[in-house]
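Comments concern the structure below.
The values are calculated or read from the model by the stated rules, or taken from the named source; none is laboratory data. The structure presented is a predicted model; accordingly, all values stated were derived computationally and were not measured. Methodologically, a virtual Cβ is constructed for each residue, glycine included, from the backbone with ideal geometry; neighbour enumeration extends over all protein chains shown. Calculation scope for accessible area: heavy atoms of the full protein, side chains included, ligands and nucleic acids excluded. Shrake-Rupley method; radii C 1.70, N 1.55, O 1.52, S 1.80 Å.
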Amino acid sequence: MRSASLREAKQRSEPVAEASGRLSHVLGGPWLLTGHDGRLTAYVHVDGAVLRWTESAPGGRRWAGPDVLPAKDIDRLTVVQGQNRYAHLLGRRVRQRADGWRGVDIMYATQYQTGRPMTQWRSLGNPFKEIDRAVEIGAPAAAVTSDGALYVCVPTGPGGVALRREDKRGRWEAWAQLQVSGGTDGPAPAATSSGLVEVLVPTRTAALQLRQSEPGGALVRGYDAAVAPLPGSVTALETAPGRLTYYLTDARGSGAVAIRAGSWPLPLGGNPGDGRIAAVRTTVDGFDCTVLAVRGADGTVNLGVCATEGEQAGFWWTGTGMTCTGDPALAADGHGRAVVAAVGADGGLAVARQEEGQGLTLGDWSRV
């Protein structure tokens with residue numbers, strides 16, 4: 001499916017954006033990904049489409065776009081990336097049926113190269129054949145293994161989670177129910193560089209983990225962390241070879257928390273709002289550091305930083321003063337610098353980039 005220009009979209013009367021560049025009907029995002037060539041791509045889900053901006057050169061200040069990628073009837077979206085740098089778009093599609101019921105299925109499309117068209121949307125179906133159960137599935141979440149296999153999770157009705165995944169040959173297996181219950185929506189799958197997949201499932205009392213013991217194997221219950229994640233807040237980051245750290249917001253109101261296999265939950269403080277936490281690794285003062293970005297309770301973008309896996313030695317938060325709608329995104333650009341993107345209160349997409357200086361120094365926000 002070829003992308004269309006903003007002018008072409010307006011001629012079709014799609015309510016995707018205003019001529020001034022302001023975004024209307026924002027449903028999700030932004031998501032920020034780094035391509036093989038080092039250029040960043042930003043995605044924002046709006047009513048009826050996905051808007052896409054692409055850096056003109058790695059680390060540069062100029063962006064092309066927005067390109068308009070049609071996403072008809074998709075009400076929830078996520079964008080994920082694996083080591084192969086392909087961008088996978090996963091959406092929940094809802095269509096009205098002639099019998100009065102709503103038809104719900106999970107859709108996916110792929111963009112293989114930076115700035116190139118994405119594939120057509122294809123359906124992954126629904127874990128349930130019964131229409132009254134099928135309508136209860138939630139938003140998809142996904143992870144990509146080191147060999148490029150896509151794992152797609154959806155919350156199902158009263159606390160369950162279903163998984164559909166590709167096998168080693170790229171063929172889709174049937175939907176399967178994971179052995180968890182009591183989920184509060186928002187499962188968080190993630191993959192390590194060693195090819196293993198984990199899924200963190202938030203519940204009202206704990207964070208439940210499922211993990212593989214071998215690539216392509218079954219997902220079985222692992223440790224349960226004694227912290228209740230705010231649904232939709234969890235982000236996973238590989239902080240050591242084969243080891244994931246999950247960053248989340250404590251639903252009980254104690255701020256951000258880091259959890260890692262083999263250690264107690266680590267409180268990070270801060271004052272996050274109700275959105276997802278973004279995470280990326282970058283170099284600060286010559287050290288490997290982890291940077292978090294979150295929309296704070298005051299509606300502005302807040303950044304946190306610590307030495308990677310060194311949360312206990314200190315975690316520092318700072319406000320950026322940038323008022324945003326929705327959740328900020330983070331990525332490392334083609335020069336390894338942290339870049340944060342957010343939709344501002346004025347309805348425009350803006351980015352700020354790490355600059356030289358002591359500590360985590362962020363440059364001015366610039367409109368894309």
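Per-residue answers, yes or no, for (1) open to solvent by 20 Å² or more (accessible area, probe 1.4 Å); (2) more than 19 Å from Arg276 (Cβ to Cβ); (3) of a type in the set (Phe, Trp, Tyr); (4) at pLDDT below 95:
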residue: Lys168; (1), (2), (3), (4): yes, yes, no, yes
residue: Trp172; (1), (2), (3), (4): yes, yes, yes, no
residue: Gly182; (1), (2), (3), (4): yes, yes, no, yes
residue: Ala188; (1), (2), (3), (4): no, no, no, no
residue: Thr192; (1), (2), (3), (4): no, yes, no, no
residue: Val201; (1), (2), (3), (4): no, no, no, no
residue: Ala206; (1), (2), (3), (4): no, yes, no, yes
residue: Leu219; (1), (2), (3), (4): yes, yes, no, no
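Does the range 197-204 contain at least one residue that is hydrophobic (A, V, I, L, M, F, W, C) and assigned to a loop (DSSP other than H, G, I, E, B)? For the range 197-204, residues hydrophobic (A, V, I, L, M, F, W, C) and assigned to a loop (DSSP other than H, G, I, E, B): absent.
All conditions but one from (1) in a strand (DSSP E or B); (2) over 14 Å from Gly255 (Cα atoms); (3) touching a residue at least 24 places away in the same chain (Cβ under 8 Å); (4) open to solvent by 40 Å² or more (accessible area, probe 1.4 Å) apply to Gly319; the one that does not is (3).
Looking only at residues of the range 265-304 that are farther than 22 Å from Val343 by Cα, out of contact with any Ser or Thr (no Cβ under 7 Å at 6 or more places or on another chain) and among the β-branched types (Val, Ile, Thr), we find that the one that is most open to solvent (accessible area, probe 1.4 Å) is Thr283. For first residues located in the range 346-368 and farther than 19 Å from Leu40 by Cβ and touching a residue at least 24 places away in the same chain (Cβ under 8 Å), partners that are open to solvent by 20 Å² or more (accessible area, probe 1.4 Å) and of a type in the set (Asp, Glu) and lie 6+ apart or on another chain with Cβ distances below 8 Å form the pairs Gly347/Glu18; Gln358/Asp285; Gly359/Asp285. The strands (runs of 3 or more DSSP E) found entirely in the range 53-165 that carry 2 or more residues being under 19 Å from the mean Cα position of the chain (by Cα) and within 27 Å of Ala42 (Cβ to Cβ) are 74-81, 87-96, 102-111, 141-144, 150-156. Sort out which residues of the range 242-264 are part of a strand (DSSP E or B) and either surrounded by fewer than 18 Cβ atoms within 10 Å (Cβ to Cβ) or of a type in the set (Gly, Ala, Ser) (or both), and write them in order of number. Those that are part of a strand (DSSP E or B) and either surrounded by fewer than 18 Cβ atoms within 10 Å (Cβ to Cβ) or of a type in the set (Gly, Ala, Ser) (or both): Arg243, Ala256, Ala258. Inspection of the range 38-47 identifies at least one residue that is open to solvent by 20 Å² or more (accessible area, probe 1.4 Å), modelled with pLDDT under 95, more than 12 Å from Val368 (Cβ to Cβ) and assigned to a loop (DSSP other than H, G, I, E, B). When Gly82 is tested against (1) under 27 Å from Ala279 (Cα atoms); (2) modelled with pLDDT of 95 or more; (3) in contact with a Gly (Cβ under 9 Å, 6 or more places away or on another chain); (4) surrounded by fewer than 21 Cβ atoms within 10 Å (Cβ to Cβ), just one condition goes unmet, and that condition is (2). Pairs meeting the criteria (first residue in the range 127-139 and open to solvent by 90 Å² or more (accessible area, probe 1.4 Å), second residue at pLDDT 90 or above, beta carbons under 9 Å, at least 6 apart or on different chains) are Arg133/Asn126; Arg133/Pro127; Arg133/Thr156; Glu136/Val104; Glu136/Phe128; Glu136/Pro155; Glu136/Thr156.
Within the range 261-302, being within 25 Å of Ala345 (Cα to Cα) and of a type in the set (Val, Ile, Thr) holds for Ile277, Val280, Val291, Val294, Thr300, Val301. One residue is enough: does the range 225-235 have a residue meeting the conditions surrounded by fewer than 17 Cβ atoms within 10 Å (Cβ to Cβ) and hydroxyl-bearing (Ser, Thr, Tyr)? Within the range 225-235, none of the residues are surrounded by fewer than 17 Cβ atoms within 10 Å (Cβ to Cβ) and hydroxyl-bearing (Ser, Thr, Tyr). Here Leu330 fulfils each of the conditions (1) surrounded by 18 or more Cβ atoms within 10 Å (Cβ to Cβ); (2) out of contact with any Leu (no Cβ under 8 Å at 6 or more places or on another chain) apart from (2).
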